[in-house]
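Reading through the structure tokens given below for one structure.
The values are calculated or read from the model by the stated rules, or taken from the named source; none is laboratory data. Please read all numbers here as calculations on a predicted model, not as lab measurements. As a convention, Cβ positions derive from the backbone with ideal geometry for all residues, glycine included, and neighbour counts pool all protein chains shown. Protein only, heavy atoms only, side chains kept; ligands, DNA and RNA dropped before computing areas. Shrake-Rupley method; radii C 1.70, N 1.55, O 1.52, S 1.80 Å.
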Amino acid sequence: MSETSARRRVSVVMYEGFELLDVFGPVEILGVLDQHFEVTMVAAEAGLIASSQGTRVEAPEGFASDADVDIVMVPGGIGWLRMVDDAGFLEQLRTYVVDANLVTSVCTGSAILAAAGLLDGYRATSNKRSFDRVTRYGKSVSWERRARWVQDRDRWTSSGVAAGIDMTAALIADLVGAELAQHAAEVIEFEPQTDPDHDVFANR
């Protein structure tokens with residue numbers, strides 16, 4: 001990120017079969033604070049990417065773009081089952097995030113990060129319905145089943161789908177302050193869970 005930039009750049013990684021709310025829940029709350037955050041969709045190659053619901057979203061940038069990389073967010077979605085075995089995609093992702101200041105994921109997006117080796121040595125969580133499958137990935141990830149989201153240094157991972165909005169609210173508070181995070185939540189009439197360990201879905 002440029003030192004002269006007043007905004008943090010959030011690059012949302014798109015792939016075929018991503019989950020819409022994993023992306024647009026966080027984007028909605030970040031978008032309230034557009035003076036602080038710039039959100040961009042990226043993919044292995046620029047173009048239209050189909051969600052698991054069939055909605056196609058444009059990623060105007062590819063991984064090969066020379067744009068600065070600051071905060072990276074990887075969503076989940078049924079497509080994760082394919083992406084964890086896509087060696088070319090995982091290698092491109094590793095290269096893309098090498099200079100990132102923060103790497104984050106929503107839901108099963110953490111499986112993709114783990115498969116790329118980007119969670120090795122970190123604590124992390126994921127969607128509880130897919131937890132046992134997700135946790136097969138990563139060589140030295142400390143997976144936490146009971147967590148709404150987990151922050152470990154420069155890695156943020158959330159539980160399933162809607163938990164990504166809670167994590168993003170917490171990330172906003174960490175980066176620009178709790179008052180602005182609360183303001184953004186109120187604008188979209190969202191009451192965020194502020195306790196990362198409060199997870200009613202862990203044992204269901």
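Summary table
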read-out	value
Filtered residue count, region 22-47, keeping only those that are of a type in the set (V, I, T) and open to solvent by 40 Å² or more (accessible area, probe 1.4 Å)	1
Subset tally (residues that are among the hydroxyl-bearing types (S, T, Y) and in contact with a helix residue (DSSP H, G or I) (Cβ under 9 Å, 6 or more places away or on another chain)) for region 66-121	4
Failed condition for S52, given (1) over 21 Å from R155 (Cα atoms); (2) over 17 Å from the mean Cα position of the chain (by Cα)	(2)
Check on A185, surrounded by fewer than 23 Cβ atoms within 10 Å (Cβ to Cβ) and at pLDDT 95 or above	yes
Search result, residues across region 188-204 that are surrounded by 13 or more Cβ atoms within 10 Å (Cβ to Cβ) and charged (D, E, K, R)	D199
Search result, residues across region 178-193 that are touching a helix residue (DSSP H, G or I) at 6+ places or on another chain (Cβ under 7 Å), touching a residue at least 24 places away in the same chain (Cβ under 8 Å) and closer than 21 Å to R8 by Cβ	L180, A184, A185, V187, I188, F190, P192
Top-ranked residue of region 168-177 - restricted to ones that are open to solvent by less than 70 Å² (accessible area, probe 1.4 Å) and without any contact (Cβ under 8 Å) to a residue 60 or more places away in the chain, ranked as nearest to S130 (Cα to Cα)	A170
